[in-house]
Amino acid sequence: MKRIVRLALPVPLPRSFDYLAPVDISPDDVGRMARVPFGSGEKIGVILALPDESAVDLARLKPLGPILREVPALPADWIALVQFAARYYHHPLGEAVAVALPPGLRVAALLDDRSADPWLTLTDAGRAALAAPGRMSRVRSLAERLFEADLPRSELVADFGSVAVREARQRGWVIEAHPRRDADLSGAPTLNDEQRSAVDAVWAQAARFSPFLLHGITGSGKTEVYLRLIERALAAGKQALLLVPEIGLTPQLEARVASRFPRARRVALHSGATDGARCRGFIAALDGSADIVIGTRLSVFSPLPRLGLILIDEEHDASYKQQDGLRYSARDLAVWRAQQAGVPVVLGSATPSLETWQAAQNGRYRLLKLERRAAAAAPPTVRLIDTRRIKLKDGLSPPMEAAIAARLERGEQSLIFLNRRGYAPVLACPACNWVSDCDHCSAHRVFHLSERLLRCHHCGTEAPVPRACPQCGNQDLHGFGRGTQRVEEYLGARFPQARILRADRDSIKTPAHWAALRHAIEAGEADILVGTQMLAKGHDFPKLTLVGVIGADASLFAADYRAPERLFQQLMQVGGRAGRAGLAGEVLIQTEFPEHPLFDALRRQDFAGFANSQLDERAQAHFPPCGAQAVLRAEALEVDQAIDFLKRAREAADPFADVVRLYDAVPMRLVRRARLERAQLVVEADTRAALQNLLAQWLPALYALKAPRGLRWHVDVDPIDL
Ligand code: ADP
Ligand code: ZN
Ligand code: ZN
């Protein structure tokens with residue numbers, strides 16, 4: 001009889017915990033959740049194994065509490081995935097489990113008896129009703145929810161009430177969904193040769209691990225390739241996982257999946273969904289009833305017993321890397337999963353990350369190219385405006401203004417792109433040099449004119465705009481530099497007849513805002529758009545023919561070695577917005593460095609040239625992907641405490657100094673954040689394996705180091721912001 005149960009518990013310690021098994025324990029309980037006594041309280045953990053022996057004396061083990069048998073057991077490959085993530089990112093296993101499970105899973109599973117809970121789907125009539133203008137109502141919101149994915153009735157009742165569900169059925173907007181896995185190909189384009197050979201190449205490898213880079217500019221038909229691959233996977237009785245950067249920002253993609261597979265069970269998973277929705281989606285994936293899981297980075301942890309295909313859209317997107325807690329890359333974990341499950345994985349992008357590009361160059365990934373735009377339009381022409389000898393007005397040059405005026409005259413749209421929201425980066429007093437610093441961070445608070453606020457973009461704290469200088473009483477405070485609000489204001493004064501829309505994280509706070517804004521743009525209700533990279537992501541704006549870029553120079557010479565890669569990706573992406581529906585597009589970039597090779601490559605739309613020259617530079621510096629990095633960060637009340645901790649950490653790593661490079665402990669560029677002061681220590685190795693080897697031996701030493709009260713530290717493996 002098995003006597004011992006080993007669990008992962010959500011506590012910040014890098015180990016598992018053993019308990020005494022109840023008499024009715026069975027091997028089927030591995031993967032189940034259970035309550036256990038812990039300290040003076042209780043915790044819920046996941047049963048990892050029923051080992052024969054424990055390092056702890058049996059007499060000292062506490063008995064396990066109740067096993068939550070209502071929740072289906074997590075499969076072994078899921079546990080292996082989370083164990084790998086914990087090991088690779090050097091994060092406590094129990095905390096990794098807590099990240100990978102949707103919050104509240106143990107409760108949600110009790111809520112519904114799924115056999116008596118039919119899934120509902122939107123009918124054509126429901127879709128038509130949504131497309132027509134109408135008042136917001138419960139029934140309408142219910143229909144909007146179903147537009148994303150079919151859902152169990154109980155969930156709709158929980159969120160909208162049974163009256164609304166009944167009403168929606170009576171109107172014929174909603175019916176019971178019978179899962180049908182076939183695609184609705186009415187309205188689907190005939191694949192061109194490049195697309196067809198891409199689909200065939202991937203599906204020829206359907207039964208084994210095979211990674212692909214699908215490289216094609218915006219509009220070259222990548223999404224259509226994804227849809228055809230999903231079709232094949234579903235036809236083979238498999239589940240497909242489609243990872244997207246930010247679900248609220250990619251509703252067009254969701255809508256296309258929905259209309260191509262109207263009767264398949266689709267599950268949408270993202271952090272904006274309610275706990276209940278996330279749990280039900282998770283369980284639908286786990287019990288195999290979901291056919292397609294679309295989701296942001298967290299959905300890489302969906303258990304998928306019939307997994308047959310993984311797709312990663314915009315694989316270069318930074319949002320795939322989690323920036324706190326378990327600092328995982330969903331893209332990298334997805335590739336690991338594909339290998340574990342023996343299935344193909346497709347990484348799609350117009351501007352792949354250098355990591356993925358390198359893998360495609362050296363043959364680890366197969367490169368699939370889409371070189372033509374599927375839907376007519378030619379790539380935009382890129383021109384530079386040399387601003388060295390031009391006087392700018394609120395950041396805009398006369399040629400830029402002329403280009404906007406020409407669009408206004410022709411009834412076309414312009415987009416002014418700059419990556420800085422707010423009105424001005426800083427409010428300052430010209431009399432005494434006071435500046436609007438954040439009290440908690442070593443950063444300025446940004447001046448937001450429309451809300452009359454000073455807001456710190458690092459810690460989020462806000463303060464009202466002072467009427468007079470807090471230091472000398474001068475009433476004439478100025479905003480210096482410019483953000484989207486200021487450009488919007490200037491354009492409003494310069495082109496009073498134009499309708500101007502701003503799109504950044506201040507003006508768009510919910511997916512509904514975003515949907516309304518996109519609708520207004522598509523309907524031609526705006527002439528000039530001002531926005532941050534939020535506008536750069538995959539959307540079709542048929543009347544948009546000019547993209548004007550201002551303020552890009554700052555990224556050319558930034559300290560972060562990834563800045564040029566990001567700038568190129570952003571400019572390429574935002575440029576792809578221009579001229580998609582038969583109208584020629586133009587990208588105008590204001591710069592004081594018109595000879596910079598990055599712009600030259602951009603003008604020729606030469607991603608390969610740019611990427612290869614960047615790879616050469618990285619290879620010389622041994623920077624990733626030509627080497628591996630991790631960073632140890634510490635934060636404390638005073639930066640000296642953090643530095644001191646890192647120095648001792650560095651000494652503990654000295655024995656490995658011949659296989660890895662240990663840099664000095666330095667204060668971070670943004671030293672203070674949210675009252676804490678931060679420092680970091682970068683570690684580099686030639687290979688990931690060498691780095692992992694060091695980390696595995698170093699981490700126990702770090703846990704053993706004495707740290708002053710209030711000091712916190714973490715390791716970030718494969719960091720993307722140094
Ligand atoms: P991407 O995902 O690379 O941006 P999409 O798949 O969204 O490209 O395709 C861009 C546009 O071209 C879409 O409107 C799509 O319907 C259309 N399209 C895709 N493939 C074809 C094709 N083979 N023939 C005609 N139109 C196509
Ligand atoms: Zn002053
Ligand atoms: Zn702050």
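When each of the peptides 306-313, 265-272 is scored by the mean number of other C-beta atoms lying within 10 Å of its residues, the order from highest to lowest reads 306-313, 265-272. Using a Förster distance of 45 angstrom, determine the FRET efficiency expected from the C-beta separation of D287 and S137, and round it to 0.05. That pair, D287 with S137, gives E of 0.85.
The mean of 1/r over all pairs of different alpha-carbon atoms in the chain, once inverted, gives a Kirkwood hydrodynamic radius of 28.0 Å.
Taking the Cα centre of segment 30-143 as reference, the dipole from Cβ charges on Lys and Arg (+1) and Asp and Glu (-1) amounts to some 480 debye. Relative to its residue count, segment 458-554 spans a Cα convex hull of 164 Å³ per residue. Element breakdown for segment 442-516 at a 1.4 angstrom probe: carbon and sulfur atoms account for 52% of the accessible area. The alpha-carbon of K2 sits under 16 angstrom from the alpha-carbons of these lysines, leaving out residues fewer than 8 places away in its chain: K62. For segment 204-315, the solvent-accessible area of protein heavy atoms averages 25 Å² per residue (probe radius 1.4 Å; ligands and nucleic acids excluded). Remark: spin-label model distance A515-R15 equals 5.0 nm, labels positioned 7 Å along the Cα→Cβ axis. Can you compute the label reach from A704? Point 7 Å from Cα along the Cβ direction, backbone N cut-off under 17 Å, restricted to segment 4-47. Those under the cut-off are 14-15.
Global dimensions of segment 567-717 from alpha-carbon coordinates: Rg and Dmax equal 21.0, 65 Å. Debye-formula intensities of segment 385-525, expressed as log10 I(q)/I(0) at q = 0.16, 0.20 Å⁻¹, are -0.96, -1.23 (one equal scatterer per alpha-carbon, no solvent). Dividing the helix sum by the residues of the chain, where each DSSP H run of 4 or more adds -39500 (n - 2.57), gives a mean residue ellipticity at 222 nm of -10000 deg cm²/dmol.
Give me the Debye-computed log₁₀ of I(q)/I(0) at q = 0.28 Å⁻¹ for segment 224-296, equal point scatterers on Cα only, no solvent, two decimals. For the requested q values the scattering log ratios are -1.45.
When N is the residue count of segment 1-97, what does its C-alpha Rg come to as a fraction of 2.2 N^0.38 Å?
So segment 1-97 has a normalised radius of gyration of 1.01.
On the protein heavy atoms, probe 1.4 angstrom, tell me the percent of accessible surface of segment 592-720 carried by carbon and sulfur. Exposed carbon and sulfur together represent 51 percent of the surface. Summing charges over all other residues whose Cβ lies under 13 Å from the Cβ of P667, with Lys and Arg as +1 and Asp and Glu as -1, gives 0. For segment 396-460, the fraction of C-alpha pairs more than 18 angstrom apart is 55%. Only Lys, Arg, Asp and Glu carry charge here, each on its Cβ (+1 for the first two, -1 for the last two); on that basis segment 464-539 has a dipole of about 140 debye about its Cα centre.
Any lysines with Cα under 29 Å of the K369 Cα? List them, leaving off those in the same chain fewer than 8 positions away. Correct list for K369: K222, K238, K321, K537, K543.
Note that segment 474-566 presents 42 Å² accessible area per residue, ligands and nucleic acids not counted, probe 1.4 Å. Here segment 166-306 is treated as a sphere whose radius is the Kirkwood value from Cα pairs; by Stokes-Einstein at 25 °C and 0.890 mPa s it diffuses with a coefficient of 151 µm²/s. Taking 7 Å steps out from each Cα toward its Cβ at A619 and Q697 produces label points 3.0 nm apart.
In segment 45-95, taking the dipole from charged Cβ atoms about the Cα centre, the farthest positive-side position among A80, S54, L64 is held by L64. The mean accessible area for residues of segment 579-722, using a 1.4 Å probe and ignoring ligands and nucleic acids, is 48 Å² per residue.
Segment A523..D77, full-extension length gain: 155.8 nm, with 0.36 nm per residue of separation and the alpha-carbon distance subtracted. Cysteines in the chain that lack a partner Cβ within the 4.7 Å cut-off: C279, C459, C626. Using a probe radius of 1.4 angstrom, the carbon and sulfur fraction of the accessible surface of segment 329-388 is 47%.
The charge dipole of segment 297-420, taken about the Cα centre with unit charges on the Cβ atoms of Lys, Arg (+1) and Asp, Glu (-1), comes to about 180 debye, rounded to the nearest 20. Since only S436, C459, F480 are under comparison, the one whose Cα sits farthest along the positive direction of the charge dipole of segment 432-506, derived from C-beta charges on Lys, Arg, Asp and Glu, is F480. May I ask for the distance between the Cα centers of segment 527-603 and segment 207-244, given as a whole number of Å? Using only Cα atoms, the two centres lie 27 Å from each other.
Of the residues A235, A318, A258, the one whose Cα sits farthest towards the positive end of the charge dipole of segment 194-336 is A235 (charges of +1 on Lys and Arg Cβ, -1 on Asp and Glu Cβ, taken about the Cα centre). Secondary structure note: in the chain, about 50% of the DSSP beta bridges are antiparallel.
Report the full-extension gain for the segment D640 to Q340: residue separation times 0.36 nm, less the Cα-Cα distance, to one decimal in nm.
Working: separation 300, 0.36 × 300 = 108.00 nm, distance 4.41 nm.
Difference between extended and current length: 103.6 nm.
Projecting label points 7 angstrom from Cα along Cα→Cβ for A158 and D117 puts them 0.6 nm apart.
The values are calculated or read from the model by the stated rules, or taken from the named source; none is laboratory data. Since this is a predicted model, take the numbers as computed values, not measurements. All Cβ positions, even for glycine, are placed from backbone atoms using ideal geometry, and neighbour counts span all protein chains on display. The protein model used for the area step is the full one, side chains on, heavy atoms only, and it has no ligands, DNA or RNA in it. Shrake-Rupley method; radii C 1.70, N 1.55, O 1.52, S 1.80 Å.
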